[in-house]
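The structure under discussion appears below in the form of structure tokens.
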Amino acid sequence: MNRLRHDGPLIIGGGLAGLSAALEAGPRPTLVVTPAPLLQACSSAWAQGGVAAALSAQDDPALHAADTAAAGAGLVDEATARALTADGRATVEWLAALGAPFDRDVDGGFAVSLEAAHSKARVARVGGDGAGRAILSALVASVRAAPHVEVWENGRLRALVQDATGRVRGAVIERDGRLTEVLAPAVVLATGGAGGLFARTTTPVALLGEGMALAWLAGAEVLDPEFVQFHPTAIDVGLDPMPLATEALRGEGSRLIDAEGRFLLGDEPDADLKARDIVARAVHGARAEGRGAYLDARTAVGAHFPTEFPAVFAACMRAGLDPRETPIPVAPGAHYHMGGIAAGRDGHTSLPGLFAVGECAATGVHGANRLASNSLLEAAAFGRRTGRAAAAETGVDGKVLKAALTPDLSPEALTALRVTMSDNVGVVRDADGLTRALALMERLEQAARGALPVLAARLIAGAALDRRESRGGHYRADYPGTDAAPRHTRLRRDSGAGLSEIMAAE
């Protein structure tokens, strides 16, 4: 195995979080490793809604923080939420200065839209529903022009390198079939979420929670892995991954109906703008009852669809569906992982030398249910903080331990895992289904011991089985009530508690 010593942050991931960290890490030399070419296979580029921030005269960061805490169902770290929302305007202005072409109002300010569970219109958008790709494109251009940043595309994270004290000292990267041990004073995991573990997902299918699994194997704390957000309006046209119909469509007045045209959540004009877990269960229930679920935008958007929501319109038309004339068939799809590697707002994890940011991290800002469009804000705002913190780390000398590589799953095994996750660890869960899922994972583990997707799935399903209540994105049909005292799940490989240590919320 080749060895490279790098005197600066090693960032794994080329989405919004990783690239924001890379830009702010300067002038320290920064190496970014991404498993696919930049702008490909990362959720940031697929985001449709935009960046949530208090940008209007009628809004303020404290109100945004309160909405964030309310959506998170008792598990939001409120100090972290306040820090995030206080960074809102500065983060949007930083992205705009890099070239992100946010929509503007007639006075030149940021145009903002309303999304579910926000008390004010505060989502800054680009081209209606093209925020993610446009914002990330601006960062990619800046990163390619930054003299302190080197990018390794098509580089796959295979292992973390540690020393005898447990400090993370680098990572093993595979490129073109060759392995390189990269030693660095700081490793930043910005590896994205775990949506690809589910057969029905709106995220790139390559996102399998492997960063979280590797961090757990190294001894880092994992926080609340059971909390997965299912977007209620994934377009159900038989594609994998499922195209997304942005929540902004409902913000503009589109309605969820069944096959008979009846409203799924009630007649009130804002009935479809409840928190995502509530809407997702309504869509799931209507489909389970055989009534079907559809998003009707014919009146609210109609002829303006091609210009106001071009990405959704194109996805529908490619599937032979004209949303100006026909309601869009929808189903819940795995969309965002609230849980992940426990990390502070500056990316520090429980392991020295290891940072985590973006969807693979759990900072406590999302709690049990992410508020719409807070993810891009967190990725950029906390990405910047993490880049600065990682750049402050200095080199460490001494011997490192040999890193152990894990096996890959066969395509057939991965398909079986994804199906069981959607069927048994999805929108509605119960003990029987979760037990079936864990039994399959045990069989898969025997065939490919240490496979990272199986470990990530076990962290999610095992914590879901242990949480005998319903809260936020985690709904147990056999435990539909919510406990009076909110509790976090905290998992560590070296805790002696396996996958079942639940701690009271601070």
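The values are calculated or read from the model by the stated rules, or taken from the named source; none is laboratory data. Quantities reported herein were computed from a predicted structural model and do not represent experimental measurements. Methodologically, a virtual Cβ is constructed for each residue, glycine included, from the backbone with ideal geometry; neighbour enumeration extends over all protein chains shown.
Taking segment 176-196 as the range and being at negative phi and more than 25 Å from the chain's Cα centre (by Cα) as the test, the residues that pass are ARG178, LEU179, THR180, GLU181, VAL182, LEU183, ALA184, PRO185. Of all residues in segment 285-294, none satisfies being closer than 29 Å to VAL126 by Cα and surrounded by fewer than 21 Cβ atoms within 10 Å (Cβ to Cβ). Of the residues GLY130, GLY88, GLY99, GLY108, the single one that is surrounded by 17 or more Cβ atoms within 10 Å (Cβ to Cβ), over 25 Å from GLY344 (Cα atoms) and not polar (S, T, N, Q) is GLY130.
Looking only at segment 345-365, decide whether some residue is outside any strand (DSSP E or B), free of Cβ contacts under 8 Å to residues at least 60 places away in the same chain and under 23 Å from PRO185 (Cβ atoms).
Scanning segment 345-365, I find at least one residue that is outside any strand (DSSP E or B), free of Cβ contacts under 8 Å to residues at least 60 places away in the same chain and under 23 Å from PRO185 (Cβ atoms), so the answer is yes.
Residue under question is GLY170, and the condition is that it be over 30 Å from ARG250 (Cα atoms) and either among the small types (Gly, Ala, Ser) or more than 22 Å from the chain's Cα centre (by Cα) (or both); does it hold? Yes: the conditions hold for GLY170.
Quick check, is ALA300 closer than 18 Å to GLY253 by Cβ, in contact with a Leu (Cβ under 9 Å, 6 or more places away or on another chain), surrounded by fewer than 21 Cβ atoms within 10 Å (Cβ to Cβ) and not aromatic (Phe, Trp, Tyr)?
yes
Within segment 409-433, residues that are farther than 21 Å from HIS231 by Cβ reach partners that are modelled with pLDDT of 95 or more and assigned to a helix (DSSP H, G or I) with beta carbons closer than 6 Å, at six or more positions or on different chains, in the pairs LEU409/PRO453; ALA413/LEU444.
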